[in-house]
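Take a look at the structure set out below.
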Amino acid sequence: MSAPADFTVADEDGRRTLRFTGALTLARLQDLPSRLDRIEPAPTAIDLSGIERMDTVGAWVVHRMARDRSIEVRGADEGASHLLEQVAAADTPLKIRADTRSPFFRVLAQIGEATLTAARTLLGLLGFFGGTLVSSWDMIRDPRRFRWNAIVRQFEVVGVEALAIVGLMSFLIGIVIAQQGAVQLRQFGAEVFAINLIGRITLRELGVLMTAIMVAGRSGSAFAAQIGSMRLAEEVDAMRTIGVSPMEALVLPRVMAAVILMPLLGFYASVVAIIGGGLYCWVSLDIPPVTFIQRIREVVPITDLWVGLIKAPVFGLIIAMAGCFQGMQVEGSAEAVGLRTTSAVVQSIFLVIVIDAVFAVFFGAIGWI
């Protein structure tokens, strides 16, 4: 059995040295700590060459004495030195409360973090877009790699199943536009010009824009959740293992479905919104449907239709890319699926509105007003 921990104090080379002996372990310390506190005058060096073994408690006793009295420790072997280093590294005061910063610097830090996150996300989205283009080119070169069943399935999810909610939303928006326009124009006795408002704003802007927002909340979130769940279940990694490209199997069918069906959904939404506005004009303004349709044909230029149809596939691409990209970023826990799904919807709607503003400036510059 190891000898109990003990010490001797002697003058060596003009220095008062505390020499430990025995085992500096919890079981063999006994009253050593209290005896060490009574040593006067304080030693200037601690010698550990005579100890048999030492555990963490013994290392803490030595470290505390050396720290409190600024004593040099020598003679420790490799194991004892490692223990003393670990104890010294852990000897840091704990903060009950975190350091407080002024509200200005805290808000500034949050803005900086949000900016960096947005920049990293944008760069990642651009890289993901490049990967999608590469996969698309590979499939164009080898059409046999097209997954027609997956594309048709996404047609159903993105387009067919969305007809009801998009139609209802557009119908009500048409009624709201007609009602608000008629209320304002009635002050000038020009209620008939509500038809101009309904026709131009639905075909040019609101039809495709509201459809894009609805598809982003419905299909974009579904893309992120589906791919994110597959990431958590390691199905995406399994696809790579067996030689199946996740870009070709998961991303491209969804992107193609959104790009192809957004113009159709946007045109459908515009027509339904015009029907809703026409119904309100018929009931409240006593404008017959024939007059309403004739007026629409007179005041709405064909360029308004082309504007909506040109913007729609771009919006579909943005929504699908954002949803698939965020789904591919899921990792860790199931909570990440919800966070990435929310990010997909927010980013896609934000980008759709930004691109819509860019289109408005562009079409205004070329005279399509």
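The values are calculated or read from the model by the stated rules, or taken from the named source; none is laboratory data. Quantities reported herein were computed from a predicted structural model and do not represent experimental measurements. Glycine also receives a Cβ, built like all others from the backbone with ideal geometry; neighbour counts cover every protein chain displayed. Only protein heavy atoms, including side chains, enter the accessible area calculation; ligands, DNA and RNA are left aside. Shrake-Rupley method; radii C 1.70, N 1.55, O 1.52, S 1.80 Å.
Test ALA238 against the stated conditions and say whether it is at pLDDT 90 or above, surrounded by fewer than 24 Cβ atoms within 10 Å (Cβ to Cβ) and under 30 Å from GLU335 (Cβ atoms).
For ALA238, the condition - at pLDDT 90 or above, surrounded by fewer than 24 Cβ atoms within 10 Å (Cβ to Cβ) and under 30 Å from GLU335 (Cβ atoms) - is met.
Checking THR341 against (1) out of contact with any Ser or Thr (no Cβ under 8 Å at 6 or more places or on another chain); (2) farther than 19 Å from GLY266 by Cα; (3) not hydrophobic (A, V, I, L, M, F, W, C): exactly one of these is not met. Which one?
So the condition that THR341 fails would be (1).
State whether one or more residues within the stretch 359-368 are open to solvent by 30 Å² or more (accessible area, probe 1.4 Å), under 14 Å from LEU203 (Cα atoms) and at pLDDT below 90.
Yes, that holds for at least one residue.
Matching residues to (1) among the hydrophobic types (A, V, I, L, M, F, W, C); (2) over 24 Å from ILE369 (Cα atoms); (3) out of contact with any helix residue (DSSP H, G or I) (no Cβ under 9 Å at 6 or more places or on another chain):
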residue	(1), (2), (3)
VAL236	yes, yes, no
VAL244	yes, yes, no
ALA249	yes, yes, no
ALA258	yes, yes, no
ILE302	yes, no, yes
LEU309	yes, no, no
GLY316	no, no, no
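Let me confirm something: among GLY199, GLY181, GLY217, which residue is surrounded by fewer than 19 Cβ atoms within 10 Å (Cβ to Cβ) and out of contact with any Ser or Thr (no Cβ under 6 Å at 6 or more places or on another chain)?
Result of the check over GLY199, GLY181, GLY217: GLY217.
Criterion first (open to solvent by less than 70 Å² (accessible area, probe 1.4 Å) and in contact with a helix residue (DSSP H, G or I) (Cβ under 9 Å, 6 or more places away or on another chain)) does ALA162 satisfy it?
So ALA162 fits the description; yes.
Counting only residues that are of a type in the set (Phe, Trp, Tyr) and closer than 24 Å to SER219 by Cβ, how many does the stretch 337-369 have?
Total satisfying the criteria: 2.
Which of the strands (runs of 3 or more DSSP E) contained wholly in the stretch 1-93 include at least 2 residues that are open to solvent by 80 Å² or more (accessible area, probe 1.4 Å)?
The qualifying strands (runs of 3 or more DSSP E) are 51-54.
Quick one: would you say LEU172 is part of a helix (DSSP H, G or I), under 30 Å from the mean Cα position of the chain (by Cα), among the aliphatic types (A, V, I, L, M) and surrounded by 13 or more Cβ atoms within 10 Å (Cβ to Cβ)?
Taking the combined requirement at face value, the residue does not satisfy it.
Within the stretch 241-263, can you find the residues that are open to solvent by 30 Å² or more (accessible area, probe 1.4 Å) and either aliphatic (A, V, I, L, M) or in contact with a Cys (Cβ under 9 Å, 6 or more places away or on another chain) (or both)?
Hits for the stretch 241-263 are ILE242, VAL244, MET247, MET256, VAL259, ILE260.
The rows are residues; the columns are (1) within 30 Å of LEU252 (Cβ to Cβ); (2) modelled with pLDDT under 95.
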position	(1), (2)
CYS281	no, yes
SER284	no, yes
PRO289	no, yes
ARG295	no, yes
VAL300	no, yes
ASP304	no, yes
GLY308	yes, yes
PHE315	yes, no
